[in-house]
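Inspection log for the structure reproduced underneath, given as C-alpha cells.
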C-alpha cells in the first residue's frame, strides 16, 4: 500500500497558525457534512471533516485519520460559495460528541 501523500500537507495546514473557518453542507439523502478549513494559496482546504449520514451515524476525518471504509477527508479545495459558514462552537460540539 502506498503512503497517503496528503497526510504531511494536511498536518502542516492543521498545525499552522492560519485562521480557520467552519462550514456546513446538507446532501440530498439527508446527511450533513461539516468542515473546518484553512486558506492556502487562495483556496480553502479541509483540515477536519465530519460526515453525518441519513441514519445519523457520524464519521470524523483529519490528518491522523484520512480515510476508512466509510469515507475520507476531501482531497479537493472546498467550494465555499456552496457552503454555509457555522460557528467554531457548533463545529466543536459535534466533533467532541463523536470522539
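The values are calculated or read from the model by the stated rules, or taken from the named source; none is laboratory data. Being a predicted model, the structure only gives us computed values, none of them experimental. Positions of Cβ are generated from backbone atoms using ideal geometry, with glycine treated the same way; all protein chains shown enter the neighbour counts.
Count of region 38-55 residues, restricted to those that are assigned to a strand (DSSP E or B) and farther than 22 Å from residue 6 by Cβ, is 1. Against the definition (assigned to a strand (DSSP E or B) and modelled with pLDDT of 90 or more), how does residue 35 come out, yes or no? Answer is yes for this residue.
The set of residues in region 56-78 that are within 13 Å of residue 36 (Cα to Cα), in contact (Cβ under 8 Å) with a residue 24 or more places away in the chain and not in a loop (DSSP other than H, G, I, E, B) comprises 60, 62, 78.
Restrict the check to region 46-67 and report whether at least one residue is at pLDDT 95 or above and either touching a helix residue (DSSP H, G or I) at 6+ places or on another chain (Cβ under 6 Å) or on the phi > 0 side of the Ramachandran plot (or both). Yes - at least one qualifying residue is present in region 46-67. Against the numbered list (1) exposed (fewer than 15 other Cβ atoms within 10 Å of the Cβ); (2) in contact with a helix residue (DSSP H, G or I) (Cβ under 6 Å, 6 or more places away or on another chain), residue 88 comes up short only at (2). Residue 81 fulfils the conditions (1) buried (at least 16 other Cβ atoms within 10 Å of the Cβ); (2) assigned to a helix (DSSP H, G or I); (3) more than 11 Å from the chain's Cα centre (by Cα) except for a single criterion, (1).
Among the residues of region 4-24, those identified as within 16 Å of residue 82 (Cα to Cα) and either in a helix (DSSP H, G or I) or out of contact with any helix residue (DSSP H, G or I) (no Cβ under 7 Å at 6 or more places or on another chain) (or both) are 21, 24. Select from region 28-55 the residues that are more than 11 Å from the chain's Cα centre (by Cα) and in contact (Cβ under 8 Å) with a residue 24 or more places away in the chain and write down the one among them that is surrounded by the most Cβ atoms within 10 Å (Cβ to Cβ). For region 28-55, the residue satisfying everything is 52.
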